[in-house]
Amino acid sequence: EYGVSEWCSQKVKGGLISTVATCWMAGTIVAAGLAWAILPLPETPEQFWQPWRTYLLVASFPSLIAVFLYFLLPESPVFLIDVGRKDQAITVIRRYVEGVPDTQDELCVLKRLIEDTSKVAQHRQNIGDMICEFLAGNVKLFRRRLLKTTLILIAVILPVHFGYYGFMLWFPEYLANQSSKEGTIRPPEWIYIESFYVSLASLPTNIFTILLSDKIGHSRLLSASLVLSAGSVFLLWKLDNPDWTVVLSCLFNAVTAPVFCMLDTIIPALYPADSRGTAFGFHTALIRIVSMISTWVFSLFIDSSPTIPILTTAIMLLTSAFISLKVPSGSFEH
């Protein structure tokens with residue numbers, strides 16, 4: 001998504017980044033559908049191509065196709081400048097952004113890089129220099145000019161991902177545990193059917209986000225989706241019917257889909273071109289860390305009452321919703 005944000009116009013940035021983010025949703029739908037179709041197939045001990053091997057083989061095809069498709073993508077102009085290929089960098093820049101009014105800031109940065117070729121092309125960095133540059137780039141996010149933006153985004157990202165990833169781990173396990181205690185027997189393929197429906201539920205809201213996010217406003221859509229997500233979690237509190245819990249799981253997954261699309265759109269837009277990649281990487285790393293912590297914390301409550309996990313998730317989502325009202329609208333201003 002970061003690469004798309006570097007090239008597209010601000011007027012259509014939300015829709016284009018949401019389109020790229022939708023590929024994750026499409027992947028989960030395909031993965032769940034393949035699991036439903038392949039994994040329940042009968043198997044025998046002497047059979048080599050058992051269902052799980054077949055599933056892994058088929059699921060690896062998209063990654064192999066992506067490797068070849070990458071060769072069709074243009075190289076990064078910044079990389080081309082780093083290795084001294086100035087003419088190719090200029091060609092790529094002109095191909096995509098020449099004449100587009102709201103990419104002038106990026107063009108100015110790239111032009112300055114080209115003018116400084118003596119420093120860029122001739123200076124080779126060792127590992128120590130790269131580590132220092134990496135640390136300096138991250139420290140820059142907390143300097144006065146970017147400090148407020150970074151802290152607001154952290155305050156939004158931490159609660160929403162803690163609640164979402166923890167809940168998505170805890171809830172299916174909790175349902176399975178409750179079903180076993182009550183003696184409810186479901187067919188073996190039920191888990192694959194449920195995963196498919198839950199993944200498919202985000203399709204309508206992803207399409208909605210692609211078409212209307214730039215008209216509604218990124219921050220506004222982010223806040224509304226977080227509030228709806230918290231509300232859908234509350235609906236699960238006293239629900240005991242397994243079929244309805246699946247329906248509400250689909251609802252939760254649907255209303256949270258715009259949240260991640262909007263975060264992918266907002267994060268790059270709020271930083272200058274020379275800090276954008278570092279900021280995106282920093283916040284992505286933060287998401288991975290908090291998701292690991294949340295899955296561990298929520299796993300402690302699988303055998304207990306659902307009150308604590310549901311309340312925690314709802315509070316986390318509402319906290320992010322209120323803080324997201326402070327997220328600046330538009331793009332970074334010098």
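Structure notes:
- Pairing each residue of segment 269-297 that is open to solvent by 40 Å² or more (accessible area, probe 1.4 Å) with any residue that is in a loop (DSSP other than H, G, I, E, B) and not charged (D, E, K, R), provided the two are 6+ apart or on different chains, yields C-beta distances under 9 Å for Thr278/Leu141; Thr278/Tyr271; Phe282/Leu141.
- Cβ separations smaller than 9 Å between residues 6+ apart or across chains give the following pairs from segment 37-59 residues that are free of Cβ contacts under 8 Å to residues at least 60 places away in the same chain and open to solvent by 100 Å² or more (accessible area, probe 1.4 Å) to residues that are among the β-branched types (Val, Ile, Thr) and part of a helix (DSSP H, G or I): Trp52/Ile38.
- In segment 60-78, residue modelled with the lowest pLDDT [restricted to those that are surrounded by 12 or more Cβ atoms within 10 Å (Cβ to Cβ) and part of a helix (DSSP H, G or I)]: Val78
- Residues that are crowded, with 17+ Cβ neighbours inside 10 Å and at pLDDT below 90, drawn from segment 223-241: Ser232, Val233, Leu236
- Any chance Ile287 is closer than 19 Å to Ala21 by Cβ and either at pLDDT 90 or above or not in a helix (DSSP H, G or I) (or both): yes
- Residue satisfying condition, being open to solvent by 60 Å² or more (accessible area, probe 1.4 Å), touching a Lys or Arg at 6+ places or on another chain (Cβ under 9 Å), at pLDDT below 70 and not aromatic (Phe, Trp, Tyr), within set Asp82, Asp102: Asp102
- Number of positions in segment 309-328 that are more than 19 Å from Thr150 (Cα to Cα) and of a type outside the set (A, V, I, L, M, F, W, C): 3
- If you check Asp243, Asp274, Asp214 for being under 23 Å from Ala26 (Cβ atoms), acidic (Asp, Glu) and assigned to a helix (DSSP H, G or I), only one passes: Asp214.
The values are calculated or read from the model by the stated rules, or taken from the named source; none is laboratory data. Predicted model only: the values in this text are computed from it and were never measured. Virtual Cβ from ideal backbone geometry, glycine too; neighbours counted across all protein chains shown. Quick note on the areas: whole protein, heavy atoms, side chains included, nothing else; ligands and nucleic acids left out. Shrake-Rupley method; radii C 1.70, N 1.55, O 1.52, S 1.80 Å.
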